[in-house]
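The values are calculated or read from the model by the stated rules, or taken from the named source; none is laboratory data. These numbers were taken from a predicted model, which means no experiment stands behind them. Cβ coordinates were reconstructed from backbone atoms using ideal geometry, including for glycine residues, and neighbour counts include every protein chain displayed. Only protein heavy atoms, including side chains, enter the accessible area calculation; ligands, DNA and RNA are left aside. Shrake-Rupley method; radii C 1.70, N 1.55, O 1.52, S 1.80 Å.
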Amino acid sequence: MKVVVLTGAGVSAESGVPTFRDADGLWEGHRVEDVATPEAYDLQPSVVHRFYDARRAALAGVEPNDAHRALAVLEEALGDDLLVVTQNIDDLHERGGSTRVLHMHGELRSALCRGCRSRVAWTEDLGDYPPCPRCGVSELRPDVVWFGEIPYEMDRIMAALEEADVFVSIGTSGAVYPAAGFVQYAAAGGARTVELNLEPSAGSHLFDDARHGPASVLVPAFVRELLG
Ligand code: APR
């Protein structure tokens with residue numbers, strides 16, 4: 001059984017990581033869309049750095065929850081037949097025990113050099129313009145895929161969706177493409193499709209099965225069912 005799991009901000013919400021489009025999803029009065037663009041970075045890099053530096057620093061104070069841990073249990077059982085594709089830039093899947101994770105929207109604990117294009121592991125602030133450890137140029141930006149940029153790993157993701165027997169979407173509003181279209185792509189390839197979300201997402205009706213409630217409850221139950 002080949003399974004592809006797509007996760008969004010909702011899988012980390014119970015760990016205390018704010019989602020984007022729920023009530024508390026604003027930051028200092030900015031809509032996330034206003035800081036998460038290359039244009040915003042060109043115009044006001046310090047504002048964009050403050051936003052991501054704060055989110056990176058906040059990772060130290062959060063822990064994975066039962067949803068992340070249940071996906072690690074699923075990986076133990078399925079091995080290479082499980083792929084977790086996350087839109088999240090936190091590292092809670094990895095800290096919850098998952099190893100086969102693709103961060104299609106990048107990672108907070110990574111920096112991207114605008115000089116040499118290297119992606120380097122990064123845990124400190126970027127707002128004080130540190131030099132790139134590879135090329136020495138002070139052009140490190142958050143290694144995050146902004147609106148208008150192309151997500152990472154699309155070839156591997158599309159290939160896995162084509163082969164999937166089961167596609168599960170967890171904690172995502174279905175507002176942002178291309179991830180919002182994965183359900184239709186997986187279904188066209190013959191996968192059974194399941195949504196696990198706090199409330200019906202924009203694309204809820206596209207799934208064979210949609211279950212609504214907190215991820216920390218729904219995901220462990222679904223994993224037990226899948227492995228049962
Ligand atoms: N359990 C399950 N689902 C939850 C929970 C929870 N405890 N809490 C919230 N949710 C659901 C919300 O109902 C919502 O549908 O998670 C979803 C979060 O949606 P968004 O905030 O839009 O986050 P996401 O879908 O991950 O956003 C996609 O948009 O801003 C960009 O690049 C950013 O990766 C992000 C992308």
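Please label the shape of the range 73-136 as rounded, prolate or oblate, based on the square roots a ≥ b ≥ c of the eigenvalues of the alpha-carbon gyration tensor (a/c under 1.5 means rounded; beyond that, a/b larger than b/c means prolate, else oblate).
On the way: a/c = 3.19, a/b = 2.52, b/c = 1.27.
Verdict is prolate for the range 73-136.
Explain nothing, just compute: Karplus ³J(HN,Hα) = 6.51 cos²θ - 1.76 cosθ + 1.60, θ = phi - 60°, for every residue of the range 170-176 in order, whole Hz, x for Gly and Pro.
10, x, 9, 6, x, 9, 10
What is the angle, in °, between the Cα long axis of helix 66-78 and the longest principal axis of the Cα atoms in the chain? Nearest 10 is fine, range 0 to 90.
The helix 66-78 is inclined about 60 degrees to the chain.
Answer with one residue from 160, 71, 111: the one whose Cα lies farthest towards the positive end of the charge dipole of the chain, charges on Cβ with Lys, Arg +1 and Asp, Glu -1.
So the residue we want is 111.
Using a 1.4 angstrom probe, figure out how much accessible area the chain has per residue, in square angstrom, rounded to the nearest whole. Intermediate values should be presented prior to the final figure.
Numbers: 10500 Å² over 228 residues.
Averaged over the residues of the chain, the accessible area is 46 Å².
Round to the nearest 10 and report in Å² the accessible area of residue 43, as given by a 1.4 Å probe over the protein chains' heavy atoms.
So the heavy atoms of residue 43 present about 140 Å² to solvent.
Counting each DSSP H run of 4 or more residues in the chain as -39500 (n - 2.57), what helix-only mean residue ellipticity at 222 nm follows after dividing by all residues, to the nearest 500 deg cm²/dmol? Walk me through the numbers on the way to the answer.
On the way: 9 runs with 75 residues, N = 228.
Calculated from helices alone, the mean residue ellipticity at 222 nm is -9000 deg cm²/dmol.
Taking N as the number of residues in the chain, what value does Rg over Cα atoms divided by 2.2 N^0.38 Å take?
Numbers: Rg = 17.5 Å, N = 228, 2.2 N^0.38 = 17.3 Å.
After normalising by residue count via 2.2 N^0.38 Å, the value is 1.01.
Would you mind calculating the gained length between residue 129 and residue 58 on full extension (0.36 nm times residue separation, minus the Cα-Cα distance), in nm to one decimal?
23.6 nm
Can you list the equivalent-ellipsoid semi-axes of the range 39-173, largest first and in whole Å, using the square root of 5 times each Cα gyration tensor eigenvalue?
Working: eigenvalues 171, 57, 36 Å².
Taking √(5λ) for each eigenvalue gives 29, 17, 14 Å, largest first.
Could you report the accessible area of residue 185 in Å², rounded to 10, computed with a 1.4 Å probe on the protein chains as they sit in the structure?
The accessible area comes out at roughly 80 Å².
Assuming 0.692 mPa s and 37 °C, estimate D for the range 105-228 with Stokes-Einstein, Rh taken as the Kirkwood radius over Cα pairs, in µm²/s.
Details: Rh = 16.8 Å.
It diffuses with D of about 196 µm²/s by this estimate.
Charges at C-beta only: +1 for Lys and Arg, -1 for Asp and Glu. How large is the resulting dipole of the range 1-107 about its Cα centre, in Debye rounded to 20?
On the way: 9 positive and 19 negative charges, 5 e Å.
Roughly 20 debye, rounded to the nearest 20.
Working from the pairwise distances between different alpha carbons, so that the mean of 1/r is found and then inverted, what is the range 1-104's Kirkwood radius in Å?
Details: mean 1/r = 0.0672 Å⁻¹.
Over the range 1-104, the inverse of the mean reciprocal pair distance is 14.9 Å.
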